[in-house]
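Remarks on the structure that follows.
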Amino acid sequence: MGFLEGKKGLIYGVRNQRSIAWGCAQSLAREGAELALTFLGEREEHDVRKLSPELGDAVKLIQGCDLTQPDQVEALHTAIKESLGQLDFVIHAVAFAKKDDLSNPFVQTSADGFALAMNVSAYTLVAAARAAEPLMTEGGSILTLTYLGADRVIPNYNVMGVAKAALESSVRYLASELGPKKIRVNAISAGPVMTLSARGIAGFTGLYKAIADVAPLRKATDIDEVGDTAAFLCSNLSRGITGETLFVDSGYHIVGMVTGNE
Ligand code: IMJ
């Protein structure tokens, strides 16, 4: 019997089979959880509906939801109440910045580009938590995805780094407020993964390969590694952990200097 048997959760951010959210969905389904999945547009709906049968009968609801649209968030939670009844966990794997803002110098970031990245990549966690709270009647676990670029300067990450810093801080404020209701809020800081969100980023392939040379575990991060940690953080096994950012990155973030003799 899986350690998430009887648990019900919502996952935002499955785009295709490479998505980190898909790695999470697979691990959670394997451990016995029932799931609701969301999609953004028509192309995404097609892909999510094609993928979900791979999870057997774990997926109970697939519905469109743009987290920046309050009416869509409300409609989603009405549907979840009908199909799942309650929520034990929510996984937020959502981010967006304008492509130009991930290649131009950071100092050139426009007010619009800054606000867009913040709204989609950080504020949507607050919106997701607010909507989920009334359905988390027996406590719950809220999880988001972040990246080292929140703390350190990573080439081209730019405004996304600022948004991820806001996201990680939001995790702490939400954890503090929702803790008394036995709702935990945490983040996984994943190492670079070859997803749609990473492809086409200038210099990404070089950076991705470099990780395998210098990270303590000498390998790039896979979505199943992130998924298994997500399953742990969504389960009772992690009941003492909240407000935390947990790195799933082969240990890359502890490395202080690389000499070339590794
Ligand atoms: C993204 C940009 C620059 C460097 C990057 C990344 N590195 C990594 C990523 C080193 C690992 C991927 N990442 C952690 C992200 O959070 C990506 C967010 C993202 C990606 C895109 C690409 C397409 C687009 N907008 C985007 N917005 C956010 O138009």
Out of A198, A190, A230, any idea which swings most in a Gaussian network model of the chain, alpha carbons joined below 10 Å? A198
Could you point to the residue in A97, G191, L28 farthest towards the positive end of the chain's charge dipole, with +1 and -1 charges on the Cβ of Lys/Arg and Asp/Glu respectively? G191
Cα-based Lys proximity count in the stretch 147-262, under 27 Å, for pairs eight or more positions apart or on separate chains: 5
Near the amide H of T146, under 5 Å away, which other amide H atoms are found, from residues 5 or more places off or on another chain, if H is placed in the peptide plane? I188, S189, A190
Using every Cα-Cα pair within the stretch 39-130, state what percent have a distance larger than 21 Å. 44
Size of electric dipole in the stretch 1-114: Cβ of Lys, Arg +1 and of Asp, Glu -1, about Cα centre, debye, nearest 20: 280
The computed P(r) of the chain puts the percent of Cα pairs beyond 35 Å at 12
So which residue, out of E54, E244, E34, gets the largest mean-square fluctuation from a GNM of the chain using Cα contacts under 10 Å as springs? E54
About its Cα centre, what dipole magnitude does the chain give when the only charges are +1 on Lys and Arg Cβ and -1 on Asp and Glu Cβ, stated in debye to the nearest 20? 240
What helix-only [θ] at 222 nm does the chain give? Using -39500 (n - 2.57) per DSSP H run of at least 4, over all residues, to the nearest 500, the answer is -11500 deg cm²/dmol
Degrees, to the nearest 10: 223-234 long Cα axis against longest axis of the chain: 50
G149: net charge of surrounding residues, Cβ under 14 Å, Lys/Arg +1, Asp/Glu -1, itself excluded? -2
Let me test this: with uniform point scatterers at the alpha carbons of the stretch 77-228, what is the Debye-based log₁₀ I(q)/I(0) at q = 0.13, 0.16 1/Å? -0.67, -0.94
Compute the Rg to Rh ratio over the stretch 156-262 from the alpha carbon atoms, using the Kirkwood formula for Rh, and round to two decimal places. 1.01
I'd like to know which of S176, A127, P53 lies farthest towards the positive end of the charge dipole of the chain, counting +1 on Cβ of Lys and Arg and -1 on Cβ of Asp and Glu. S176
With charges set only on the Cβ (+1 for Lys and Arg, -1 for Asp and Glu), what does the dipole of the stretch 80-131 come to about its Cα centre, in debye to the nearest 20? 40
GNM on the chain, Cα springs under 10 Å; top mean-square fluctuation among R130, R15, R30 goes to R130
Using the Karplus curve 6.51 cos²θ - 1.76 cosθ + 1.60 with θ = phi - 60°, what ³J(HN,Hα) values do you get for each residue of the stretch 150-164, in whole Hz, with x for Gly and Pro? 5, 9, 10, 7, 10, x, 6, 5, 6, 5, 5, x, 5, 5, 5
If Lys and Arg each add +1 and Asp and Glu each add -1, what is the summed charge of the other residues whose beta carbon sits under 12 Å from the beta carbon of T242? +3
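Read-outs: derived from the displayed coordinates by stated rules, not from any lab. The structure displayed is predicted, hence computed values, not measured ones. Cβ: placed from backbone, ideal geometry, glycine included. Neighbour counts: every protein chain shown.
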